[in-house]
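The values are calculated or read from the model by the stated rules, or taken from the named source; none is laboratory data. Note that the structure is predicted; figures quoted are calculated from it, not measured. Every residue, glycine as well, gets a Cβ built from its backbone with ideal geometry; the counts of neighbours run over all protein chains shown. What goes into the accessible areas is simple: the full protein's heavy atoms, side chains included, and nothing from ligands, DNA or RNA. Shrake-Rupley method; radii C 1.70, N 1.55, O 1.52, S 1.80 Å.
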Amino acid sequence: MSSKSILFIGGSGIISHASVARAARLGHRVTVLNRGRSSIRALPADVETLVADANDPEAVARVLGSREFDVVAQFRAFSPEHVARDVAQFAGRTGQYVFISSASAYQTPPSRLPVRESTPLRNPFWQYSRDKIACEDLLVREYRDNGFPATIVRPSHTYDRTLLPTSGGWTDVARLRAGKPVVVHGDGTSLWTLTHTEDFAVGFVGLLGHPLAVGEAFHITGTHAPTWDQIYTWLAQAAGVPNPDLVHVASETIARVLPELGPGLVGDKAHSMVFDISKVRTLVPEFGTTITYDVGAEEQMSWFDAHPEAQVVDAGLDAAFDRLAAHARAL
């Protein structure tokens, strides 16, 4: 494997930080451009850092100057306007531009499972997903019309030790430990794919600089798709609660009571999502699930118990869960 010069825009987030570490560990020359504010996920010592806000095009142009990279991995673009600026910035200056999209861009709800890269892109429920689709459309046109070397990557619920997967986050854990009922959307039996960031990194870094990845789209997800009841139960067990009190509430009802949760719930988590990962495995055969969520939940609880400052209970969310649980029990 030849060493590549790789620019990560982002690089210290939940999805990206493990990929930065893996790329550096494999001997690539890694540069990270971000605001330099993360204290949770330290970058490897041999990674070059450039400080700029990815949303400030003048600041980005200033710190990059005329530099060129074999690969540019963009984790911080969420609008077609931002992607258009990147195309202008990096055309002729990189051999591959990798855009982080989202598996929530796929047809929602999916008409058939497993989801493949050929599944249509359509999400009428979530603006975030529609913006990602618009970004993809721009990159596909640029590749077809001008040869811009784009690769599209669609993660689905990638987590690390700091990101609890449930709707309430730490509020759910606090409720579990207090013996209170915890609200699970739907009937708890829909299947949900969870991918640990360390596993994601294997697939992602394997695509960087790969000539057969240019012009293509890949989802990078694991094969681990437990039910939501299982996810909550594993989290409860890791929190020291062997028999959690799970209350099932329709996703639409939760969205009405807690509209801030609505788009990500009705537009994503409410539907079973299982993926065919054979396309990425064709280029990165070593990719797959090695960390299942029963292990991930233990890792998360160890981290949160060691970081009391992260144990933040949302009082409004907690009260709403009380109302939702009481209403469901009264039916």
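Before moving on, here are some points about what is shown:
- Between residue 3 and residue 55, the modelled labels are 3.6 nm apart [label points 7 Å from Cα along Cα→Cβ].
- Expressed as a fraction of 2.2 N^0.38 Å, the value expected for a compact globular protein of N residues, the C-alpha radius of gyration of the chain is 1.02.
- The H on the amide N of residue 8, modeled in the peptide plane, is under 5 Å from the matching H of 31, 32, 33, 73, each at least 5 residues off or on a different chain.
- Solvent-accessible area, 1.4 Å probe, carbon plus sulfur percent, for region 1-133: 50
- Under a 5 Å amide H cut-off, with hydrogens placed 1.01 Å from N, residue 115 pairs with 274, 275, 276 among residues at least 5 apart or on other chains.
- Other residues within the sphere of radius under 14 Å centred on the Cβ of residue 18, judged by their own Cβ, net out at 0 (K and R +1, D and E -1).
- Cα centroid separation, region 227-288 to region 132-198 (Å): 9
- The residues of the chain present an accessible area of 42 Å² per residue when probed at 1.4 Å with all protein chains retained.
- Reach of residue 180 by Cα under 25 Å, taken over lysines that are not fewer than 8 positions away in the same chain: 269
- Placed amide H near residue 191: partners under 5 Å, 5+ positions off or other chain: 272, 273
- Proximal charge balance of residue 157 [Cβ under 9 Å; K/R count +1, D/E count -1]: 0
- Solvent-accessible area of region 154-225 (1.4 angstrom probe, protein heavy atoms only): carbon and sulfur portion equals 54 percent.
- Working ranking of peptides 124-130, 95-101, 73-79 by packing, defined as the average number of other Cβ atoms within 10 Å per residue, highest first, is 95-101, 73-79, 124-130.
- Each Lys or Arg adds one and each Asp or Glu takes one away; over the other residues whose Cβ falls under 12 Å from the Cβ of residue 93, this sums to -2.
- Ligands, DNA and RNA left out, the 1.4 Å accessible surface of region 259-313 is 56% carbon and sulfur atoms.
- Straightening the chain between residue 137 and residue 309 buys 57.8 nm, computed as 0.36 nm per residue apart minus the Cα-Cα spacing.
- Residue 191 paired with residue 66, simple spin-label distance in nm, labels 7 Å along Cα-to-beta-carbon: 5.4
- When each of the peptides 59-65, 223-229, 139-145 is scored by the mean number of other C-beta atoms lying within 10 Å of its residues, the order from highest to lowest reads 223-229, 139-145, 59-65.
- Relative to the dominant Cα principal axis of the chain, helix 293-306 is inclined by about 90°.
- Qualifying lysines (Cα of each under 16 Å from Cα of residue 279; at least 8 residues distant if same chain): none
- With the simple spin-label model, which puts each label point 7 Å out from Cα in the Cβ direction, the residue 116 to residue 329 separation comes to 4.7 nm.
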